[in-house]
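The values are calculated or read from the model by the stated rules, or taken from the named source; none is laboratory data. Everything numeric in this text was worked out from a predicted model, so none of it was measured. Cβ sites come from the backbone with ideal geometry, for glycine too, and all protein chains shown count toward neighbours. Side chains are part of the model used for accessible areas, which takes the heavy atoms of the whole protein and leaves out ligands, DNA and RNA. Shrake-Rupley method; radii C 1.70, N 1.55, O 1.52, S 1.80 Å.
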Amino acid sequence: MQWDVVWRNFDYLLVGSWPQGPLGGLAMSVVLAIGGIFGAFWLGLGFGLLRLSDRWWLRLPAIIYVEIIRGIPLLMLIFWFYFLAPIVLGHTLPEAESALVAFIVFTGAYIAEIVRAGVIALPHGQMEAARGTGLSKTQAMVYVILPQALRNMIPSFVNQFVSLTKDTSLAYIIGVSELTRTATQINNRELTAPAELFFTIAVLYFIVCWTLTAASRRMERQMARYQAR
């Protein structure tokens with residue numbers, strides 16, 4: 001076993017050549033995941049609420065967005081944003097930014113469905129009771145419905161965010177130096193320890209995803225204790 005190859009290049013697996021060069025490795029994967037999670041949450045929340053609107057001209061664009069994006073493979077979406085940017089913007093968008101936009105748009109469509117399902121799952125009487133206190137429909141949604149629904153959505157959010165963390169490896173295909181590409185570069189240079197290298201990155205992905213899952217479970221327990229009071 002050639003574990004010395006892994007240890008010799010472990011810092012490169014973690015951060016690439018940063019600070020001497022561009023950030024890469026696990027650090028780039030985490031940056032893409034966090035940026036994608038943050039952007040997708042707000043995009044999905046907005047489109048999820050639009051899908052619940054009584055006005056068809058608000059609901060229809062949200063339906064079109066969700067149905068189209070959910071029917072397109074993420075890999076194709078990454079290619080699409082990467083090659084479309086020069087046409088729309090007039091200049092090339094950096095690979096990492098293209099991948100990040102694709103992750104946000106793709107995951108946002110799934111978050112929108114989670115939000116819609118979470119709100120619909122609440123008893124209808126919740127909205128009626130909130131409206132009966134004099135709140136407008138928007139106020140009732142913001143102050144009464146969403147706080148309850150978002151608590152119930154946490155497990156689904158975490159599952160989607162864990163999936164996105166693993167999907168950051170697809171940025172490899174357009175040249176982003178995330179963890180998978182960094183390991184491939186080391187393997188092409190060393191040519192002696194492919195099994196050890198790719199086993200190591202599998203462990204690193206597991207650690208990141210397990211940390212996300214553990215944090216969500218802790219949050220669920222804290223919320224359960226809060227609700228029990």
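Any residue in the range 177-191 that is closer than 30 Å to Pro123 by Cα and among the charged types (D, E, K, R)? Looking through the range 177-191, none of the residues is closer than 30 Å to Pro123 by Cα and among the charged types (D, E, K, R).
Screening Ala193, Ala202 for residues that are open to solvent by less than 60 Å² (accessible area, probe 1.4 Å) and at pLDDT below 90 leaves exactly one candidate, Ala193.
Within the range 161-184, being at negative phi, surrounded by fewer than 18 Cβ atoms within 10 Å (Cβ to Cβ) and over 13 Å from the mean Cα position of the chain (by Cα) holds for Ile173, Thr184.
When you scan the range 40-91, how many residues do you find that are open to solvent by less than 30 Å² (accessible area, probe 1.4 Å), touching a residue at least 60 places away in the same chain (Cβ under 8 Å) and more than 18 Å from Gln160 (Cβ to Cβ)? Number of matching residues: 0. Scanning the range 118-128 for residues that are open to solvent by 30 Å² or more (accessible area, probe 1.4 Å) and touching a helix residue (DSSP H, G or I) at 6+ places or on another chain (Cβ under 8 Å) turns up Ala121, Gln126, Met127.
Here is a yes/no grid of residues against (1) out of contact with any Ser or Thr (no Cβ under 9 Å at 6 or more places or on another chain); (2) closer than 30 Å to Val5 by Cα:
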position	(1), (2)
Gly134	yes, no
Val142	yes, no
Leu197	no, yes
Thr200	yes, yes
